[in-house]
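First, the structure itself, so that you have it in front of you.
Bear in mind that the values in this text are calculations on the coordinates, not laboratory data. Fair warning: this is a prediction, and the values are worked out from it, not measured in the lab. Every residue, glycine among them, receives a Cβ derived from its backbone with ideal geometry; neighbour counts consider all protein chains shown.
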Amino acid sequence: MRVTLDTNVNVSALEFGGIGARLLGMASTGKIRLDVSTAILDELIGVLRDDFNWQGYRLHFAKSELARLGNLVAPTVTLAVTTDPDDNRILECAVASGSEFIVTKDKHLLRLVEYAGIRIETPGQFLEIAKER
């Protein structure tokens, strides 16, 4: 299964563990393909630095690990589907990588339900789907 995680899921995984960490674990064991872009990694690093006071070495390690775990893509199409540019970067990554799912807690993305054939699910919903496959 090909998956793009929203920044809020990545932050939750790295800062709090829980379902987000389980998803990263699935990526590390090859159960899912984690699709990421430089824009997603940059937003993640900014949030961890500015909102959670992560220091440089932790930021560098987190970015390196996600880039290593993930399928790093460089979207070539700029989307303006939502009013939030960060949400649009998630959609761009998912489209460019051929993700089957976007996993997010973001209400604006969840309201879309799907975009370009990509299902948009909460972390809990995605885990249920993954169990069935």
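Using 0.36 nm times the number of residues separating ALA74 and THR38, minus their current alpha carbon distance, what extension gain do you get? If you can, show how the numbers build up before the last one.
Values: separation 36, 0.36 × 36 = 12.96 nm, distance 0.72 nm.
That pair, ALA74 and THR38, stretches by 12.2 nm at full extension.
If you don't mind, there's one more thing I want to ask. Counting other beta carbons within 10 Å of each Cβ, put ARG22, ARG111 in order, fewest first. Don't jump to the answer; show the numbers that get you there.
Details: ARG22 13, ARG111 9.
Taking fewest neighbouring Cβ atoms as first place, the list is ARG111, ARG22.
Using just the Cα positions, wrap segment 2-132 in a convex hull and report its mean projected area in square nanometres, one decimal place.
Taking a quarter of the hull surface, the average projection is 7.4 nm².
A further question on this structure: I want to make sure I understand the PRE zone here: with the label point 7 angstrom from the Cα of GLU132 toward its beta carbon, which residues in segment 84-123 have backbone N atoms less than 18 Å away?
Under cut-off, by backbone N: 100-104, 113-115, 117-123.
Only loop residues by DSSP count here, and only those with at most 15 other Cβ atoms within 10 Å; note down the chymotrypsin sites (Phe, Trp or Tyr not before Pro) in segment 39-133 that meet that.
none
Efficiency by 1/(1 + (r/R0)^6): what FRET value for ARG2 and ARG58, r their Cβ-Cβ distance, R0 = 25 Å, to the nearest 0.05?
Approximately 0.35, to the nearest 0.05.
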